[in-house]
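Structure first, then comments.
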Amino acid sequence: MAMTDPSSSGRFGDFGGMFVPETLVPACQELDKAFREAWADEAFRAELHRLLTDYAGRPSPVTVCDNLSEELGCQVLLKREDLNHTGSHKINNVLGQALLAKRMGKTKLVAETGAGQHGVATATAAALFGMDCVVYMGTVDIERQKLNVFRMKLLGAEVRAAESGSQTLKDAVNEAMRHWVAVVESTHYCLGSVMGPHPYPWMVREFHRVIGDEARAQCQALLGGVPDVVVACVGGGSNAAGIFSGFADTDALLVGAEPAGGAAVGRAVPGIVHGSFSYLMQDEWGQVLEAESISAGLDYPGIGPEHAHLAAIGRARYEPVTDAEVIEAFQLLSRTEGIIPALESAHGLAWISRAREELAGKTVLLNLSGRGDKDVGQMMDILG
Amino acid sequence: MSGALESALRARRESGGKCLVPYLTGGLGDDWLETMQAVAAAGADAIEIGIPFSDPVMDGPTIQLANDRALEAGASPQSILDRVRGADIGVPTAVMTYGNIAYRMGWDRFANTLADAGVSGCILPDIPLEESGAWTAAADQAGIETVLLAAPTAPDERLPRICERSHGFVYAVGLLGITGVRAELADSAKVIAARVKHVTDKPVLVGVGVGTPSQAVEVSEVADGVVVGSAIVQRMLDGGGPEGVAELVAEFRAALDA
Ligand SMILES: Cc1ncc(COP(=O)(O)O)c(C=O)c1O
């Protein structure tokens, strides 16, 4: 079962759609049309490919981790999105969207960010393309990701605090949408994950498909086939969607690692927020609950609609991991392989480490979505 | 499908007047229901009852704060509608909330609960035309008038489709942006009112960015009336109580009648 295009109403199975205020409907429809045209245009693809290669440093390598494999009893391979320019997978999507925004005649970008990686990537693209950039970030995240706040400012972006609600990613999305409603004619909303209204979940997945396509070919060369298991962390689900899309039509097991305090799929209650119908952490009345995670980038109560669909049809599995397991995994990879992972990416390794008996003797490809530089300060406080 | 909401607004228009629909947050303070009754007596033609949602993306700081306070005080869709059911507010009402509140209860159950509480209409700002099918089927069945929004960004061909599917009135969004009081009426307010009036005979009310009696009068040169939200809710937040809020509504009424 491959990851196919959504229906004309933006549905993956039952999930997805375009649940936005009327003011934004024409903008989403226009974006859908523009993306379709651009994605079918060889020149657009060539330009994006050039940027991904010459500017972002793609292709990212796949590293076979001998020390870690020995410790865990399964063969672990890492798709090294941490080596991309700006330090995570987020740049793939942002370069695609910024190029598209330029093509649509938009001169400004607005974005939300959790860990700050998407904000940094958006600020980077804005600098490159000479666009204005506003990034909303929850007050709590501004505090725990200070380094990225400074990076964004250095890159010329304006960082605005989202002070409502839980003051994390969910609230940053609310503020970015409110901002967009007022400036929709000049501004492109550069959404950072496979969530939001159609066409975002689909478009963002397509911009990250390069992760899966590269990894598929790299695994073919390294393993002579596909890995048994493909693992990624899941906040909104963009790095997972990117790597899964390269293996959805194989019989590899696909596993998404969710933070236990933000396990939207684990609870499997459908709902509508931020533009799409998907699984959503909520109370009995439909009020959205606040996620809780050590990692700002996964601190989100929802999940992209395509993941809800993949879970519903049984094509992918979603597993909750605890903060304590993540802290362990963060140190494990640093110690065994000399690679300090982002706390988000450490969720994937935390699951592999926990499931090592089930995985014994298997080949496991983990999407290392980002590097841990941004998290070192936070971990210094935690580990003392 | 025409119901009590549309009838009341048409009656006002036919009598040569302009429609006034204040928005009040349900569950905000102990006296929100009395405040609605006082507002009805002060000259509102209908009342929008806000059911708070945790993530109101169409709302600015005033209504966000009202939402948060009501939720902290324990307001739920059920508790608000239970109180509305037992009360005689005096004018037709429409609930305004977000899609997930209705979806979570179940489209049918939510529509029936509204009807049972004596509510005439419903506005779900994040359920646009294309996504409205499941909800409007339930609402039509229960006799609930679904009010749709028409925004300045809509191309001409879209407006007739929105007006066709909207019941009660057509909610013309006065500006590009979220709810909140502005110093001046946006130029877009009269423009969208005129564009919508051009394609429908249903009452056309402008909301979002109408915060003072003079702004209400100005936009009603073109529109059939106004929805006033943040200005009213601010008065509730300031502790205006039934009298203070009714006083503000009376000012809007007097200005529109002058
Ligand atoms: C390194 C890294 N991985 C993963 C994520 C989570 O996003 P997604 O689930 O969309 O991949 C983030 C978000 O900030 C991130 O910075």
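Throughout, read-outs are computed from the coordinates displayed, never taken from laboratory work. Since this is a predicted model, take the numbers as computed values, not measurements. Glycine gets a Cβ as well: all are built from the backbone with ideal geometry, and neighbour counts include every protein chain shown.
Helix-derived [θ] at 222 nm for chain A: sum -39500 (n - 2.57) over DSSP H runs of at least 4, divide by residue count, nearest 500? It would help to have the intermediate numbers written out before the result.
Working: 16 runs with 170 residues, N = 384.
Computed mean residue ellipticity for chain A: -13500 deg cm²/dmol.
Determine, at each q value in 0.08 (inverse angstroms), the log₁₀ of I(q)/I(0) that the Debye formula gives when each Cα of the protein assembly as shown is one equal point scatterer.
Calculated log10 I(q)/I(0) at the listed q: -0.58.
Find the relative contact order for segment B:135-219 and round it to a whole percent, using C-alpha pairs within less than 8 Å whose residues are 6+ positions apart. Please list the in-between numbers first.
Details: 138 pairs, mean separation 25.5, N = 85.
Relative CO of segment B:135-219 lands at 30 percent.
Give me the Kirkwood hydrodynamic radius of chain B, using the inverse of the mean 1/r over all pairs of distinct Cα atoms, in Å to one decimal. Mind dumping the intermediate values first?
Working: mean 1/r = 0.0565 Å⁻¹.
Hydrodynamic radius (Kirkwood, Cα only) of chain B equals 17.7 Å.
Only Cα pairs under 8 Å and at least 6 apart count here; give the relative contact order of segment A:235-359 as a rounded whole percent. It would help to have the intermediate numbers written out before the result.
Values: 195 pairs, mean separation 33.9, N = 125.
Contact order relative to length: 27 percent.
Would you please report the Å³ per residue occupied by the convex hull of the alpha carbon atoms in chain A? Kindly include the intermediate steps, with their values, before the conclusion.
On the way: hull volume 47.5 nm³, N = 384.
In chain A, the Cα hull volume divided by residue count equals 124 Å³.
Of the listed pairs A:170/A:374; A:106/B:197; A:90/A:170; A:108/B:202; A:170/B:18, which have alpha-carbon separations greater than 29 Å here?
Numbers: A:170/A:374 20 Å; A:106/B:197 31 Å; A:90/A:170 18 Å; A:108/B:202 38 Å; A:170/B:18 40 Å.
From the list (A:170/A:374; A:106/B:197; A:90/A:170; A:108/B:202; A:170/B:18), the Cα-Cα distance tops 29 Å for A:106/B:197; A:108/B:202; A:170/B:18.
Please list the non-local residues whose amide H lies under 5 Å from the amide H of residue A:136, H modeled 1.01 Å from N, same-chain partners needing a gap of 5 or more.
A:111, A:112, A:113, A:160
Please give the net charge around residue A:340, taking every other residue with its beta carbon less than 9 angstrom from that of residue A:340, where Lys and Arg add +1 and Asp and Glu add -1. Present the calculation step by step, with values, prior to reporting the outcome.
Details: positive: A:371; negative: A:82, A:373, A:375.
With Lys, Arg at +1 and Asp, Glu at -1, the neighbours total -2.
P(r) of segment B:1-101 in 5 Å steps, Cα pairs, percent per bin?
2, 13, 23, 22, 18, 13, 6, 2, 0
For segment B:123-181, state the semi-axes of the equivalent ellipsoid (square roots of 5 times the eigenvalues of the alpha-carbon gyration tensor), sorted largest first and rounded to whole angstrom. Could you put the intermediate results ahead of the total?
On the way: eigenvalues 84, 36, 19 Å².
Whole-Å semi-axes of the equivalent ellipsoid: 20, 13, 10.
Tell me the Kirkwood radius of segment A:159-211: reciprocal of the mean inverse pair distance over distinct alpha-carbon atoms, in Å. Intermediate values should be presented prior to the final figure.
Numbers: mean 1/r = 0.0814 Å⁻¹.
Kirkwood radius, segment A:159-211: 12.3 Å.
What's the Cα-based Rg to Rh of segment B:127-223, Rh via Kirkwood? Each step should come with its number before you reach the end.
Working: Rg = 13.6 Å, Rh = 13.8 Å.
For segment B:127-223, the value is 0.99.
If we count GluC sites (Glu not before Pro) as exposed when they sit in a DSSP loop and have at most 15 other beta carbons within 10 Å, what is the longest stretch of chain B that avoids them all? Each step should come with its number before you reach the end.
On the way: sites that count: B:157, B:184, B:221.
Segment B:1-156 is the longest.
Once you wrap a convex hull around the alpha carbon atoms of segment A:1-71, what is its projected area averaged over all directions, in nm²? Don't skip to the answer; put the middle values down first.
Details: hull surface 36.4 nm².
Seen from a random direction, the Cα hull of segment A:1-71 projects 9.1 nm² on average.
Sort out for me the Cα centre separation of segment A:94-108 from segment A:252-277, rounded to whole Å.
The distance from the Cα centre of segment A:94-108 to that of segment A:252-277 comes to 29 Å.
Write down the Kirkwood hydrodynamic radius of segment A:1-135, to one decimal in angstroms, obtained as one divided by the mean of 1/r over all alpha carbon pairs.
Working: mean 1/r = 0.0579 Å⁻¹.
Roughly 17.3 Å, rounded to one decimal.
In debye, nearest 20, what is the charge dipole magnitude of segment A:156-302 about its Cα centre with +1 on Lys and Arg Cβ and -1 on Asp and Glu Cβ, if you could check?
On the way: 7 positive and 17 negative charges, 42 e Å.
The calculated dipole for segment A:156-302 is roughly 200 debye.
Considering chain A as a Gaussian network with a 10 Å cut-off on Cα pairs, which listed residue, A:82, A:54, A:323, attains the greatest mean-square fluctuation?
Greatest mean-square fluctuation among the candidates belongs to A:54.
Stick to Cα atoms and the Kirkwood definition of Rh, then tell me Rg/Rh for segment A:271-349. Walk me through the numbers on the way to the answer.
On the way: Rg = 15.0 Å, Rh = 14.2 Å.
So for segment A:271-349, dividing Rg by the Kirkwood Rh gives 1.05.
Please build a GNM for chain A, connecting alpha carbons under 10 Å apart, and tell me which residue among A:342, A:115, A:161 fluctuates the most.
For chain A, modelled as a Gaussian network with Cα springs under 10 Å, the answer is A:161.
Per residue, what volume in Å³ does the convex hull of the Cα atoms of segment A:222-301 enclose? Don't skip to the answer; put the middle values down first.
Values: hull volume 8.9 nm³, N = 80.
So the per-residue hull volume is 111 Å³.
Looking at chain A as a GNM with Cα springs under 10 Å, which of A:287, A:331, A:75 has the largest mean-square fluctuation?
A:287
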